[in-house]
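*Asks:* Sharing a structure, written as structure tokens. Questions coming.
A short reminder: the numbers here are calculations on the coordinates, not readings from a lab. None of these values were measured; they are calculated from a predicted model. Because the Cβ atoms are built from the backbone with ideal geometry, glycine has one as well, and the counts that use them run over all protein chains shown.
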Amino acid sequence: MNINESPDPRSSMWAWIAYSLRFHRMQRGLTGDSVGKLLNCARSSISRLENGEAKLDEKQAAILDGAWHTGSHFSIMVWYARQGHDPTWFKNFTEFEARAERVHSYDGQLIPALFQTPGYARALLEAGRNQDVEEDLKKRLARQKVLDSNNPPELWVLLSESAIDIPVGGADVMREQLAYLLELSRRPNVFLRIVPKSAGAHEGLDGPFKIITVKQGEVGFVEAPNGGRLVLEAAEVRGLKLRFDRIGAVALPVESSRRLIEQLMESFT
């Protein structure tokens with residue numbers, strides 16, 4: 001897609017909003033600069049809204065509706081977009097992941113995809129009854145290329161103890177997987193800490209999430225059954241960062257986390 005074009009409006013409600021913003025701007029003969037002044041943001045921000053890299057918020061929608069007399073058109077679309085699942089979430093997420101400078105993540109049940117061995121990933125895909133396990137495995141492992149790039153991102157990983165003691169794929173697969181976690185944890189750009197079961201109740205029990213830092217800013221990602229959603233609003237991203245810090249407060253230090261992983265490796269015999 002040309003970066004100056006809007007996404008296919010049929011692909012999601014957010015894509016329809018991006019398309020509509022561009023359509024209404026052009027119908028009125030307005031430039032990106034003029035709409036930027038209206039919304040108190042830069043022209044580049046309008047470009048990002050129109051090509052789907054950013055999402056219109058409620059305040060911006062209300063300003064457009066008032067200035068363009070649209071009968072709450074944008075406000076209603078934003079409301080509906082926030083209620084539903086975005087079918088393009090995974091494509092958008094992997095694009096941000098590939099450009100990441102830094103990733104903060106918490107996972108409570110599974111080892112994150114970037115850290116999975118082929119055997120572990122295959123066992124998950126087979127359990128999920130994927131129709132094309134080999135193709136999906138190839139795509140998942142391809143995402144890990146970012147780990148070995150010339151300038152790999154910093155990875156700040158909080159992982160529940162529950163995620164590393166479930167025998168996914170059997171004992172041999174888990175020993176290999178835990179050994180790989182140990183190897184990754186010794187890389188200078190990886191900071192892996194385990195949240196022990198003894199921590200009891202904590203905010204991570206609400207579900208996994210990630211915060212990805214790219215050159216242009218930060219985005220969040222919240223997982224849900226059969227999908228997830230990107231979080232682009234700054235206030236909500238800040239909330240996820242605070243949540244990460246509070247979970248981190250009950251996690252083991254790095255060296256203690258390695259020792260726990262080693263102990264669990266011995267249990268898979």
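*Asks:* Please report the spacing between the Cα centers of the range 183-224 and the range 39-66 in Å, no decimals.
*Replies:* Measuring centre to centre over Cα atoms gives 30 Å.
*Asks:* Give the angle, between 0 and 90 degrees and rounded to the nearest 10, that separates the Cα long axis of helix 118-127 from the longest principal axis of the Cα atoms of the chain.
*Replies:* It is inclined by approximately 70 degrees.
*Asks:* By how many degrees, 0 to 90 and rounded to 10, does the Cα axis of helix 133-142 deviate from the longest principal axis of the chain?
*Replies:* 80 degrees
*Asks:* Another question about this same structure. Give me the mean projected area, in nm² to one decimal, of the convex hull enclosing the Cα positions of the range 8-56.
*Replies:* Values: hull surface 12.0 nm².
Convex hull of Cα atoms, orientation-averaged projection: 3.0 nm².
*Asks:* Could you state the per residue volume, in Å³, of the convex hull enclosing the Cα atoms of the range 108-266? If you can, show how the numbers build up before the last one.
*Replies:* Numbers: hull volume 19.5 nm³, N = 159.
Output value, Cα hull per residue: 123 Å³.
*Asks:* Helix 58-68 sits at what angle to the longest principal axis of the chain, using alpha carbons and giving 0 to 90 degrees rounded to 10?
*Replies:* Rounded to the nearest ten degrees, it is 20.
*Asks:* For THR31 paired with GLU236, estimate the spin-label separation in nm (one decimal), with each label point 7 Å from Cα along the Cα-to-Cβ line.
*Replies:* 3.3 nm
*Asks:* Moving on. Report, to two decimal places, the Cα Rg of the range 221-269 normalised by 2.2 N^0.38 Å (N = number of residues).
*Replies:* Values: Rg = 16.0 Å, N = 49, 2.2 N^0.38 = 9.7 Å.
The range 221-269 yields a ratio of 1.66.
*Asks:* With the convex hull built on the Cα atoms of the chain, state its orientation-averaged projected area in nm².
*Replies:* Values: hull surface 62.5 nm².
So the mean shadow area of the Cα hull is 15.6 nm².
*Asks:* Which FRET efficiency value, to the nearest 0.05, is calculated for ASP165 and ARG10 with the Förster distance at 30 angstrom and r the Cβ-Cβ distance? All intermediate terms of the calculation are to be shown ahead of the outcome.
*Replies:* Values: r = 44 Å, r/R0 = 1.46.
Step by step, r from the Cβ atoms, then E = 0.10.
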